[in-house]
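To start, the structure itself, in structure tokens.
The values are calculated or read from the model by the stated rules, or taken from the named source; none is laboratory data. Note that the structure is a prediction, hence the values are computed from the model and not measured. All Cβ positions, even for glycine, are placed from backbone atoms using ideal geometry, and neighbour counts span all protein chains on display.
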Amino acid sequence: MSSNEYLSSESKEQERIESLPHESQNSSLRLGVLISGSGSNLQALIDAIESQQLPGVEIALVVSNKADAYGLQRALKHRLPAIYLPNVGAQFIAPETIAPETIAPKPTMSESESRLTALLRLFQVDLIVLAGWMRILSAAFLEQFPQRVINIHPALLPDDGTGSTYTTSDGTQIPVFRGLHAVQQALDAGIKITGSCVHFVTPEVDAGPVICREEVAIEEGDSEETLHERLKVVEHRLIVEAVRRCKSVE
Ligand code: GRF
């Protein structure tokens with residue numbers, strides 16, 4: 001890993017991670033990976049698991065809300081259970097073995113979130129990884145999985161995820177960029193350093209406690225595409241490290 005990688009060391013973050021309701025000892029940490037696009041971060045997890053870099057971790061399910069997401073093909077190539085779950089679509093029918101109360105939709109959740117909940121429970125997912133999932137999850141959905149949803153964000157967030165500024169390792173204060181256009185916003189702001197991080201998901205978008213992050217220098221002539229490609233290289237390390245940290249505290 002590069003020298004400017006940052007792993008949050010604050011004890012409150014460790015406590016937060018330790019509060020993850022993990023599975024019993026010796027069983028796997030089962031990931032539910034949610035995607036909407038190319039799935040290169042999903043691929044990083046697949047590669048890490050297949051090369052024994054994440055012992056005791058398995059991908060239980062891949063869910064895409066886009067039918068043509070390339071990540072679905074990556075999942076199928078590696079024989080992982082994968083499903084396209086449209087934002088609006090056919091009713092999900094649970095197998096009879098699932099108790100009806102387990103899948104009863106919560107009134108404040110969308111129908112798609114109710115179906116997503118049922119799927120995640122059906123596949124006994126312990127940790128939900130948003131790996132390029134382009135849909136905001138409601139507070140009602142998140143309440144069901146406290147400290148069990150993590151997200152990759154292509155910008156730098158402060159330790160607790162909140163606030164409007166971030167101080168880089170060279171002492172420069174930069175704005176915090178949240179939402180869909182964080183990479184372009186970093187370019188537009190004319191700053192020299194941006195980065196990526198993995199954080200716990202809270203109802204406020206891109207504002208949850210950081211698990212790990214790494215800075216990336218913005219180069220002269222960078223476009224949104226070139227910068228995002230370099231950020232993704234970093235993300236592929238970060239997502240593996242974040243899952244490892246979540247696994248290590250069980
Ligand atoms: C990543 O850059 C991540 O930061 C953002 O969405 C992108 C997903 O890329 N949330 P991929 O689908 O994993 O290639």
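When E250 is tested against (1) surrounded by 16 or more Cβ atoms within 10 Å (Cβ to Cβ); (2) out of contact with any Ser or Thr (no Cβ under 8 Å at 6 or more places or on another chain); (3) modelled with pLDDT of 95 or more; (4) assigned to a loop (DSSP other than H, G, I, E, B), just one condition goes unmet, and that condition is (3).
Can you tell me which of I174, I152 is under 22 Å from K232 (Cβ atoms), among the aliphatic types (A, V, I, L, M) and within 14 Å of the chain's Cα centre (by Cα)? Break it down stepwise before answering.
On the way: I174 fails: within 14 Å of the chain's Cα centre (by Cα).
I152 is the lone residue from the list that is under 22 Å from K232 (Cβ atoms), among the aliphatic types (A, V, I, L, M) and within 14 Å of the chain's Cα centre (by Cα).
Tell me yes or no: at least one residue of the stretch 182-191 is touching a Pro at 6+ places or on another chain (Cβ under 9 Å), farther than 30 Å from S114 by Cα and away from the ligand (no atom under 16 Å from the Cβ). Outline the logic, then answer.
Pass one, the stretch 182-191, residues touching a Pro at 6+ places or on another chain (Cβ under 9 Å): 182-183, 185-186, 189, 191.
In the following step, the residues that additionally are farther than 30 Å from S114 by Cα were identified as 183, 185-186, 189, 191.
Restricting the remaining residues to those that are away from the ligand (no atom under 16 Å from the Cβ) gives 189, 191.
Yes, the conditions are met somewhere in the stretch 182-191.
Among residues of the stretch 31-58 that are in a helix (DSSP H, G or I), those with a beta-carbon under 6 Å from a residue that is within 15 Å of the ligand (Cβ to nearest atom) and small (G, A, S) at least six positions away or on a different chain give the pairs N41/A131; L42/G71; L42/A131. Candidates in the stretch 179-223 are the residues that are in a loop (DSSP other than H, G, I, E, B) and among the hydrophobic types (A, V, I, L, M, F, W, C); of these, the one that is surrounded by the most Cβ atoms within 10 Å (Cβ to Cβ) is V201. In the set (1) assigned to a strand (DSSP E or B); (2) more than 16 Å from the ligand (Cβ to nearest atom), F141 fails one condition alone, (1). Return a yes/no flag: does the stretch 201-211 have any residue that is in contact with a Lys or Arg (Cβ under 8 Å, 6 or more places away or on another chain) and of a type in the set (D, E). Looking for residues that are in contact with a Lys or Arg (Cβ under 8 Å, 6 or more places away or on another chain) and of a type in the set (D, E), one finds at least one in the stretch 201-211, hence yes.
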